[in-house]
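For reference, the structure is listed below as structure tokens.
What follows draws every value from the coordinates through simple rules; no lab data is involved. Nothing here was measured: the structure is a model prediction, and the numbers come from that model. Ideal geometry is used to build each Cβ from the backbone, glycine not excepted, and the neighbour counts take in all protein chains shown.
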Amino acid sequence: MTDETRYEIDAEQYKITEEPYYRPVGEEQELYEAAYSARMPVMLKGPTGCGKSRFVEHMAYKLGRPLVTVACNEDMTASDLVGRYLLDADGTRWHDGPLTVAARIGAICYLDEVVEARTDTTVMIHPLTDHRRTLPLEKKGEVVEAHPDFQLVISYNPGYQSLMKDLKQSTKQRFGAMDFDYPDAEVEAEVVAHETGVDKDTASKLVSIAERSRNLRGHGLDEGMSTRLLVYAGQLITKGVDPVNACRMALVRPITDDADMRDTLDAAVTTYF
């Protein structure tokens, strides 16, 4: 079996078989499709839990492309991305990393929260994001030519930016960028109701609580309640948990340890439930 055949077979395991639910809020789907047709690298910017990852999954399914997702962290090395030599029963053998696999099979490679990765790691993506579309495997002595269908997508939360954790301009200016945010109240309630099965009135109340918390961002909270947390609360409610207890567990307790802030948010919960 040739390497080429092996990668074609392996590509199927990265395809999404069921359509992920995604509620468009603008022209983001059309913009992404145009970017993909040009194989433009794309950067998604927005707060945590607002739907960036779901959007990428939805578009990969819609385009029929494999999706390789990497959750970036500060301990991730370049070898974690591109690959390394490992010992097995037959001796030392090269194992491709997720970025290399994606480049070979023509997948969409999604680097989630890329700002968390070390700078020397993110530099590895540069040759894939310009006219070269190559990935040098220095330890192996190989230069991988990216498959014609390959695309690189990264995401990060600008709200957590700092002087120590930000992308270099030399990295940022290799991407087209799309801004994401929490949808307006009606759309967000629609999403929560669809994802959890709660009634529209309950979903609207959860969104109202979240909006209260988002207004406190920078005034005691680093981040407000995300749509993801609203889904968690809705799931607890559909399991028979009292709405107040569900909100305290899924919405209030995860985002703050400050006693006064908890009291403020608990009061918001009891206002609606």
> In the chain, what is the count of Lys pairs whose alpha carbons are under 26 Å apart, counting only pairs at least 8 residues apart or on separate chains?
Replying inline: 16
> So what is the 222 nm mean residue ellipticity for the chain from helices alone, if each DSSP H run of at least 4 adds -39500 (n - 2.57) and you divide by all residues, rounding to the nearest 500 deg cm²/dmol?
Replying inline: -11500 deg cm²/dmol
> Nearest 10 degrees, 0 to 90: what angle lies between the long axis of helix 28-37 and the longest principal axis of the chain (Cα atoms)?
Replying inline: 0 degrees
>> Using only the alpha-carbon atoms, how far is helix 227-238 inclined from the longest principal axis of the chain? Give it as 0 to 90 degrees, nearest 10.
In response: 60 degrees
>> Which one, SER170, SER204, SER213, has the greatest fluctuation when you compute a Gaussian network model over the chain with C-alpha springs under 10 angstrom?
In response: SER170
> Beyond 34 Å, what percent of the Cα pairs of the chain remain?
Replying inline: 29 percent
> Expressed in whole Å with the largest first, what are the equivalent ellipsoid semi-axes of the range 37-172 derived from the C-alpha gyration tensor as the square root of 5 times each eigenvalue?
Replying inline: 24, 18, 14
>> Over the range 105-158, what is the relative contact order in percent, taking alpha-carbon pairs closer than 8 angstrom and at least six residues apart?
In response: 54 percent
> Going by alpha carbons, how many degrees (0 to 90, nearest 10) lie between the helix axis of 200-214 and the longest principal axis of the chain?
Replying inline: 80 degrees
> If you rank MET225, MET249, MET124 by fewest surrounding Cβ atoms within 10 Å, what's the result?
Replying inline: MET249, MET124, MET225
> With the dipole of the range 185-272 worked out from charges on the C-beta (+1 for Lys and Arg, -1 for Asp and Glu) around the Cα centre, which of SER208, ALA267, LEU230 lies farthest toward the positive end?
Replying inline: LEU230
>> Taking every DSSP beta bridge with both residues inside the chain, roughly what % is antiparallel (nearest 5)?
In response: 35 percent
>> Would you calculate the convex hull of the Cα atoms in the range 201-273 and tell me its volume per residue in Å³?
In response: 70 Å³
> Given 0.36 nm per residue, what is the gain on full extension from SER208 to ASP130 after removing their alpha carbon distance, in nm?
Replying inline: 23.7 nm
> Taking the convex hull of the alpha carbon atoms in the range 156-253, what volume per residue do you get, in Å³?
Replying inline: 119 Å³
